[in-house]
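Engineer: One structure follows; several queries about it will come next.
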Amino acid sequence: LDLIFPKARRYYCLMKSLILITSFSFFTIFVMLGCTVSSINNSQMAEQKVIQTMEHFFEVLDVDNYERKLLEEVVTKDFKIFEAGEVMDIEQFHAFVTHVDPNVAPLSETSWTLSEFDISLDNNSAHVSYINRGIFKHGDEMTAKLHWMESAYLIKQADNYKIRFLNSNVVSRDFAYK
């Protein structure tokens, strides 16, 4: 048969090779796309955990919720913060948060709104910058509205993140007295 149809045999071999190459190429593309989609999903999940960690940090600081042990759950043991022009460790920050100013009524309400997150991820850490807008009510006497640009460095521990460093810079502040 090869003597009668020599060209047919060559075309058959060529077609078989093309089919195998095409099949392998499609398989490779689908595997690569699957890995890429998986990587994107993992990255999005990690970014969401970073945002949740930052939001939880401010929930812990709320005047109605604050407890030092809750703060210790969301920050590392070597936590540092740059706040109000000072570098503070967890002890100093706890004192700052619990300080009562004798010149104004005690805090009765606090709230923070975080937005405009910009997150960079690494294997075991994350950096996030964001806008923070906070409201602090001191009874009926005074309301303070602050706007910060903040950034934080977080460490991945187990399946969650903890804040190792937070840098807080006031952009603007407004005080309303009654």
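Engineer: From the residues in segment 69-93 that are over 19 Å from Leu154 (Cα atoms) and touching a helix residue (DSSP H, G or I) at 6+ places or on another chain (Cβ under 8 Å), which one is modelled with the highest pLDDT?
Structural biologist: Glu86
Engineer: If you don't mind, there's one more thing I want to ask. Condition first: open to solvent by 50 Å² or more (accessible area, probe 1.4 Å), aliphatic (A, V, I, L, M) and either in a strand (DSSP E or B) or within 19 Å of Phe96 (Cβ to Cβ) (or both). Now tell me which residues in segment 134-175 satisfy that.
Structural biologist: Passing the criteria: Ile135, Met149, Val170, Val171.
The values are calculated or read from the model by the stated rules, or taken from the named source; none is laboratory data. Quick caveat, the model's predicted, so the values are computed rather than measured. All Cβ positions, even for glycine, are placed from backbone atoms using ideal geometry, and neighbour counts span all protein chains on display. Calculation scope for accessible area: heavy atoms of the full protein, side chains included, ligands and nucleic acids excluded. Shrake-Rupley method; radii C 1.70, N 1.55, O 1.52, S 1.80 Å.
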